[in-house]
Amino acid sequence: MTGGSKIWTVRGIPPELQAAVSAAAKAGRQTLGEWTSAALVNALGNGESQEPVPVVVAPAVADEGTIQRLVAVEARLAALERVVEGLGHRTEGTQYRLDGLEQHGESLDRRLGALMPPLMERLEVLEARGARVAPAPAPAPVPAPVPEAGGAGAGPFTRGVGSRKRLTSAGEEELQRLLALGADDATIAARLGIHKRIVWARRLTENGAD
């Protein structure tokens, strides 16, 4: 207090009461001295009452910074709630899609299971039909036998007669072909119109060359 008055210090006021008086003064837009003076005047009244008058302490009012922090915290909590709710929706959607895929897979299994028996029966029928109509493999060609050499003249594979009979170029080619086919000596000799000893000697020559 100023204006010619002495500074007045009051001891023994608890800290809690000091804080409450300071908050009440701020709430009433008064200085601490103005609020205290008014409170004392109200407490004293006209001097007739000897009992203390209770002082009504206004509730503490948070400052602007605290209010802003509380608003920010509430906003973050609301945002987190929205995120959690969105995750819940996404989880439900994923589970729904998984359920749909599982049902689709079961449907495919049922369809395949229904199609397999008739397909297998059809395959067995085709295999049986193919076994009935498949032609037998043709036997390897066997040269037609010709009469044993000795009486007839020279054929297309030889020239000369008797001991002077020799193979022509066509006869040499036919001899090589018959040897490659694995024909026996008698068959080759009959085919070419030569003696079997000639075929035997030629076979020995071919085997020795190999």
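A short reminder: the numbers here are calculations on the coordinates, not readings from a lab. Remember, predicted model here, so these are calculated numbers, not experimental data. Heads up, the Cβs are rebuilt from the backbone with ideal geometry, glycines too, and the neighbour counts pull from every protein chain shown.
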Listed by chain and number, the residues whose amide H is under 5 Å from that of residue 158, excluding neighbours fewer than 5 places away on the same chain and using placed H, are 168
So, with points 7 Å from each Cα along the Cβ direction, the residue 102-residue 78 label distance in nm works out to 3.9
re the range 158-209: pairs of Cα atoms spaced beyond 12 Å account for a percent value of 62
Listed with the fewest Cβ neighbours within 10 Å leading, 188, 198 appear as 198, 188
